Amino acid sequence: MTARQPIKRPSNVHTQLGRAAVQIFAANERMNQMLIENLDPAAWRAKPPGKVRGIAAIFTHMHNVRCKWIRLTAPHMRVPKQLNRTSCTPKQACAGLAESAARCAEMLAEALDGGGRVKKFRRDGWGRPWPVGVEMLCYMFSHEAHHRGQVCMLAHQLGFPLPIKVTSGIWNWEKLWKECGAPGGPGCDSYGIGP
């Protein structure tokens, strides 16, 4: 094999990756919901110093970016309604994020199962589309992890620190998997393997 020849993936990798991606994105969304559920209500609209987004604006941004990913990458899917960062409530954010997470999971499953209509990931109008693959999931997950970090930091800086059970709970993937309907934990149910 020369350096120019691509490595071929086994045909079942896409199906396994699609199932794993759906479960990973469900756990990702559970982390977002945990933060909102446990955030002091006063922190939702608290104004951080300087020119940075507040917590409400961060969560609405996350949802609205998901809507953009769906619109650009899977235009055949129904795109959820965007959220307004100035008037969105925590309850509306939870509902909106749950809906956009479900559509993103559908998009990931279709993209990574090897036979769906989603062939390219378009993360923005300015960026070159990527072929679908694990990079798509990693980009989506890291975008949200970045913003979760901002929320945790801002809540602390504004005097509304999240409980340790929440900040450490977003790292407990075994529990998150179970809460999302995969009792075997990471790596088990995603690949059709028992615990």
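Quick notes
- Single condition GLY181 does not satisfy, out of (1) in contact (Cβ under 8 Å) with a residue 40 or more places away in the chain; (2) part of a helix (DSSP H, G or I); (3) within 30 Å of ASP40 (Cα to Cα): (2)
- Matching residues in the stretch 45-62 - criterion: being open to solvent by 10 Å² or more (accessible area, probe 1.4 Å) and not small (Gly, Ala, Ser): ARG45, LYS47, PRO49, LYS51, VAL52, ARG53, HIS61
- Of the helices (runs of 4 or more DSSP H) lying entirely inside the stretch 13-121, the ones with 2 or more residues being among the polar types (S, T, N, Q) and at pLDDT 95 or above are found at 13-38, 55-73, 90-112.
- Contact map, the stretch 89-113: residues that are farther than 25 Å from ASP40 by Cβ and among the basic types (Lys, Arg) paired with residues that are open to solvent by less than 40 Å² (accessible area, probe 1.4 Å) and assigned to a helix (DSSP H, G or I), Cβ distance under 7 Å, separation 6+ or inter-chain. Pairs shown: ARG103/ILE70.
- Any chance VAL65 is among the β-branched types (Val, Ile, Thr) and open to solvent by 60 Å² or more (accessible area, probe 1.4 Å): no
- Candidates LEU154, LEU137, LEU176 - the one that is touching a Pro at 6+ places or on another chain (Cβ under 6 Å), part of a helix (DSSP H, G or I) and buried (at least 16 other Cβ atoms within 10 Å of the Cβ): LEU154
The values are calculated or read from the model by the stated rules, or taken from the named source; none is laboratory data. Because the structure is predicted, anything quoted here is derived from the model rather than measured. Note that we place each Cβ from the backbone using ideal geometry, even for glycine, and neighbour counts take in every protein chain shown. With ligands, DNA and RNA removed, areas are computed over all heavy atoms of the protein, side chains included. Shrake-Rupley method; radii C 1.70, N 1.55, O 1.52, S 1.80 Å.
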